[in-house]
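Written out below as structure tokens is the structure these notes cover.
The numbers here are math on the coordinates, done by the rules we state, and not lab data. Just so it is clear, the structure is predicted and the values come from calculations on it, not from any experiment. Counting neighbours? That spans all protein chains shown, and the Cβs are built from the backbone with ideal geometry, glycine included.
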Amino acid sequence: MDFSTLIRNLKKKLFEKEPRQSDTSHIQTSPVMKDSVPAVLESIPDTLEKRPPYFIQIGFDFGTSYSKCVCRDVMTDKAWVHIPDKCVANELPFLIPSVLLLKDGQIGLVDNPEYHYPENGLYHLKSALVKIALNQWDDPVLVPYRNAVRSEKLQLRNFVETSAIYFLAGAVGDVRAQIRKRFPEFGSHSKDYMAINLAVPVADAQHPKINRLYQKILCEAWKLADNLAGHPLIRLSDLESLRKENESEVSSINEACFIYPEVSANVQGFVRSRVSSEGIYLFSDTGASTVDQGIFIFVRRNGSESLNYLHGSVLPLGSSQIERNAAINSGNLNFHILEKLRKMKEQGEPSLEIEKARMSIAKEMRKETIATLAYGKKKLYVKDQLNEIKIIFGGGGHCEYPYRRAVMQSFSCDLFRKPLKPDVIGLPFPPDLELKGSEARWMSRISVAYGLSFVRDDLALFTYPKDVSTPKLEEIWPRRKKIPDFPEND
């Protein structure tokens, strides 16, 4: 019995209605979508124990500055936003600071979440993981980590990994503790189960080295989550020992941890909604460190959705790059200056350095968006299909200038016979998410976590750009030529 059938049978037995079904035999999928059946659930008997088993799916959006989490009770198909025990902001209480502190050999979560660049801070963890996976040791993102270890590359790699594991384990441990409070009987049934999905940008997720590293980090964090719940201060040496003690058990929980493309997670609510339509889309997701762009064709067949990626880009142009570029313009990259410029940027205070930084990022964004569109166009059999493209914007760092304006200006380039004004599509509000009143505005920040809260079998299938072939010249559908009317004898 496969995982999909198992869940359907359980839901039918418990609630007497069928969930959505999918026939995915016609869709090419990435290899990471295979072998996703949790063994712990395979043998659930028809005769249940005193109560039905709980199955909780955790969707964790690992952000550069803040992370977000949405959980789902799979059996009732209801989702809720995780609010950390230590709330960092009254208006956005779901934000989990992604910045760590290392001081006197002890590691912990940032004391004051208002500071994104604290002294002795370890920030931009997500980007640091990508750099060590690709052996880009001299990248500026690794500066705070190099300063902390001041040692050889092997130790730097291990230190970044350990820092990421500590952060994820502490955050996920808090999530699991709250789930147990919400469901006090959790664990009393032999088949109670939790799983976690984590998003990675498309361009990174299709890279084997990056994908493997994220999978490794997530599995280790999942194993240590109960030990490190809430980010207790711990000596780095003790944390290393804890990793080694549990090293042999990590592989056994691999099936509970799943890596999924970030753009796919972001548009999950859209592709599942009745208002969504098939076609070609550009998604531009502005985060703190990067802008994640993906151009894809959305297809729906027999109730199953798939996203076929033509191209994915991870652009180092996120909102934090505004203050970083401004600091470079001022000639001082000190963390105090970075923090000051960040606050000026967010409060809209006038600054020549910040304005220059916005202009520079806008110029680069336009150029890179054109490149994304050009790469995508190469994969099209009908080149004019690009004229039908629609745009979806997302991410906590998205704003009119420089991001939206630069993307829209890219449609006046030579890829199009005349300037194009594509439709901008908004993401629908999900009916299965517990949000009240003004909390609806949270969706722009939690759309990735919401998308990840679905069981992996229910997530939209996808094909990575590297697995989508470029058509040969003879396969390209020729542009229809206009044939003039034949002149009459008169």
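In plain terms, the chain from R441 to Q155 could stretch by 98.7 nm, reckoned as 0.36 nm per residue minus the Cα-Cα distance. Summarising the amide proton neighbourhood of F183: residues at separation of 5 or more, or on other chains, whose placed amide H is nearer than 5 Å comprise an empty set. Work out the FRET efficiency for F183 and Y401 from their Cβ-Cβ distance, taking R0 = 41 Å, and round it to the nearest 0.05. So, using R0 = 41 Å, E works out to roughly 0.35.
A simple spin-label model places pseudo-atoms 7 Å from Cα toward Cβ; at I476 and W137 they are separated by 4.3 nm. With a Förster radius of 56 Å applied to the C-beta separation of C413 and K103, the computed FRET efficiency comes to 0.70.
Mean separation of Cα pairs under 8 Å and 6 or more residues apart, divided by the residue count, gives the chain a relative contact order of 19 percent. Summed over qualifying helices (DSSP H, 4 residues or more, each -39500 (n - 2.57)) and divided by its residue number, the chain shows a 222 nm mean residue ellipticity of -10500 deg cm²/dmol. What the phi angles of region 197-207 give under the Karplus curve with 6.51, -1.76 and 1.60, with θ = phi - 60°, is a coupling list of 10, 10, 9, 9, x, 3, 4, 7, 4, 7, 8 Hz, glycine and proline written as x. Under a 5 Å amide H cut-off, with hydrogens placed 1.01 Å from N, L420 pairs with S412 among residues at least 5 apart or on other chains.
Spin-label model, T76/N254: points 7 Å from Cα along the beta carbon direction are separated by 3.5 nm.
For Q385 and E355, the FRET efficiency from 1/(1 + (r/R0)^6), where r spans their Cβ atoms and R0 equals 51 Å, is about 0.85.
Dimensions of region 277-427 from C-alpha coordinates, computed as largest minus smallest value along each principal axis and given longest first, are 55, 34, 21 Å. Simple spin-label estimate for R51 and V275 gives 3.7 nm between the two label positions (7 Å along the Cα-to-Cβ direction from each Cα). Charged side chains reduced to their Cβ positions (Lys and Arg at +1, Asp and Glu at -1) give the chain a dipole of some 740 debye around its Cα centre.
Phi-derived couplings, Karplus 6.51 cos²θ - 1.76 cosθ + 1.60 at θ = phi - 60°, listed residue by residue for region 173-185: x, 5, 4, 5, 4, 5, 4, 5, 6, 5, 10, x, 8 Hz, with x used for Gly and Pro. In a DSSP loop and with at most 11 other Cβ atoms within 10 Å, the trypsin sites (Lys or Arg not before Pro) in region 204-284 are R274. Taking 0.36 nm per residue of sequence separation and removing the Cα-Cα distance, the E240/N332 pair yields an extension gain of 29.6 nm. Phi angles across region 305-314 convert, under the Karplus curve 6.51 cos²θ - 1.76 cosθ + 1.60 with θ = phi - 60°, into 3J(HN,Hα) values of 9, 9, 10, 9, 7, 8, 6, x, 9, 10 Hz, Gly and Pro given as x. List the residues of region 117-150 whose backbone N lies under 14 Å from a point placed 7 Å from the Cα of K343 along the Cα-to-Cβ direction. Within reach of a label on K343: 117-119. Candidate values (i) 1.02; (ii) 0.97; (iii) 1.09 were compared with Cα Rg over 2.2 N^0.38 Å computed on the shown model; the agreeing label is (i).
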